[in-house]
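Let me begin by presenting the structure, written as structure tokens, before commenting on it.
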Number of protein chains: 2
Amino acid sequence: MLTEKQYKLLLFINKTTKETGCSPSFEEMKNAIGLKSKSGIHTLINALEEREFIRKLPHKARALEVIRMPKFKPRAILEEEKKRENALQHAAAEIPFYGKIAAGTPIEAIADRTETLSIPYNMVARGQFYALRIEGDSMKDAGILDGDTAVIKKTDNAENGEIVVALVDNTEATLKILQKKGSEVWLVPCNKDYETRKLDAKRVKVQGVLSSIIRNYH
Amino acid sequence: MLTEKQYKLLLFINKTTKETGCSPSFEEMKNAIGLKSKSGIHTLINALEEREFIRKLPHKARALEVIRMPKFKPRAILEEEKKRENALQHAAAEIPFYGKIAAGTPIEAIADRTETLSIPYNMVARGQFYALRIEGDSMKDAGILDGDTAVIKKTDNAENGEIVVALVDNTEATLKILQKKGSEVWLVPCNKDYETRKLDAKRVKVQGVLSSIIRNYH
DNA sequence: TGATTTTGTTCTAGTTTAGTTCTTTTTATG
DNA sequence: CATAAAAAGAACTAAACTAGAACAAAATCA
């Protein structure tokens, strides 16, 4: 009946005309289908017209009309839908996005934010997680850069050498390497321009350990 | 179907005829649509007549008739569809995992591997993607460490300054910053212990640009 | 009826947007 | 490796939109 591209285009035309009342332009269709040239749309449109799924006024702009919709989907579309449904099955886990981590705000204070981040299940394993945006470059040498997203596993105890979210004096949250030294806790940065902070253990609460780093380049 | 202006005008004609029982004048339509001249309305009316949305008596005043209106989807259905799309947004996409990137193997050579990595849809946007494991520390100062997973967008051209997967002499694949200099291509590492490689452009093929970095701590 | 106003039509003209056609390149396939 | 189909790209043509003015037909009303 229809090829995959023809079907996709027909779907798009039908959707936009019913939503907006206007036909899409060749440019818009081109982008929707993922082609880089309008001429491809032209042949698709001709094919759809020949098969009497749409009608059009030649040489007129935005003058398409959907006559009917196919009863069957092309095989390629069916397969894609299956894949997507599959993807929904092991869909990404949604974890709360608590905001930026920087000197200043404890995490609980911003814990009521509703934003979430979706990450793959296999990345979060078991346990409770949340996400933070990294601000500053104090962990630069550990490959953790300003703007990165940190996935944190909620826990209140951590081993020496782990990268943790540490809350100091209930007011200031920071991401550093943890080193317990007797009654002291050292928060070690990964940037020679910053100094290790040596604090009384009572002043420091661990709020989680670093589980993953995600960075997007546009 | 219709262009935006045609549709707006049709809506206005339909509304006022139903409310007042008589069609609007060109002057009224002109003001409603926001034009400064009646002639525009005239052409719009002709277009609507040609597309069989209205009928008119020529040279008669206020003698328009709406024959039909474009069909719409009920709002409830639109909302339902949006929800579904949203859900798919958050679903994980499966992309092929091509193996390690290090001196030696071109990507095609290991392209038949069946392993996949699932990452959130919103991370891959459009286009084709694949994943590579980083080996070595030549990009250390860009926060890309040994063992990281790189999500790569397939493309064969990239801009200066982008981090790309470059295939040299069809034998060696590497992740570096791209700098085109006339007939040369420079592959710039992000580690002062490594040197920039300056190669004849013919020897270098771009196989993708870096889209995301994912790092997991045990 | 004739004068006046309202309304619709036509033309010109410039700018922007959109559709068509043709050639070349890429991709898939036997 | 040849072939055909699909896609990209560029060049071209036409339509859409905007505006202004002049004009003609219809509607209104004294």
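The values are calculated or read from the model by the stated rules, or taken from the named source; none is laboratory data. Computed from a prediction, not measured in an experiment: that's the story for all the values here. Neighbour counts are summed over all protein chains in view; Cβ atoms, including those assigned to glycine, are modelled from backbone coordinates with ideal geometry.
Just name the residue that is nearest to the other protein chains (Cβ to nearest Cβ) out of those in the range B:34-52 that are of a type in the set (A, V, I, L, M, F, W, C) and near DNA strand C (Cβ under 10 Å from one of its atoms).
Looking at the filtered set, the residue picked out is B:I45.
Residue by residue, here is whether (1) at pLDDT 80 or above; (2) within 12 Å of another protein chain (Cβ to nearest Cβ) holds:
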position: A:I13; (1), (2): yes, yes
position: A:E27; (1), (2): yes, no
position: A:K30; (1), (2): yes, no
position: A:L57; (1), (2): yes, yes
position: A:E94; (1), (2): no, yes
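Considering the range B:19-73 alone, what residues qualify as being among the basic types (K, R) and in contact with a Phe, Trp or Tyr (Cβ under 8 Å, 6 or more places away or on another chain)?
Listed by number, the residues that qualify are B:K38, B:R68.
Is it the case, given these coordinates, that B:S23 is more than 37 Å from the chain's Cα centre (by Cα) and within 11 Å of DNA strand D (Cβ to nearest atom)?
Judged against the criteria, B:S23 is not a match.
Answer with yes or no whether B:E159 is more than 14 Å from chain A (Cβ to nearest Cβ) and surrounded by fewer than 20 Cβ atoms within 10 Å (Cβ to Cβ).
No; evaluated as a whole, the condition is false for this residue.
Quickly run through the range A:149-194 and pick out the residues that are aliphatic (A, V, I, L, M) and under 26 Å from the mean Cα position of the chain (by Cα).
Residues satisfying the conditions are A:A150, A:V151, A:I152, A:I163, A:V164, A:V165, A:A166, A:A173, A:L175.
Name every residue in the range B:21-33 that is of a type in the set (A, V, I, L, M) and within 11 Å of DNA strand C (Cβ to nearest atom), in order of residue number.
Result: B:M29, single match.
Taking the condition outside any helix (DSSP H, G or I), more than 15 Å from DNA strand C (Cβ to nearest atom) and either at pLDDT 65 or above or charged (D, E, K, R) (or both), does B:L117 pass?
For B:L117, the condition - outside any helix (DSSP H, G or I), more than 15 Å from DNA strand C (Cβ to nearest atom) and either at pLDDT 65 or above or charged (D, E, K, R) (or both) - is not met.
Can you pull out the residues in the range B:39-65 that are assigned to a helix (DSSP H, G or I), more than 36 Å from the chain's Cα centre (by Cα) and within 6 Å of DNA strand D (Cβ to nearest atom)?
B:S39
Is one or more of the residues making up the range A:74-87 more than 30 Å from B:F53 (Cβ to Cβ), loosely packed, with under 13 Cβ neighbours inside 10 Å, at pLDDT below 85 and within 13 Å of DNA strand C (Cβ to nearest atom)?
yes
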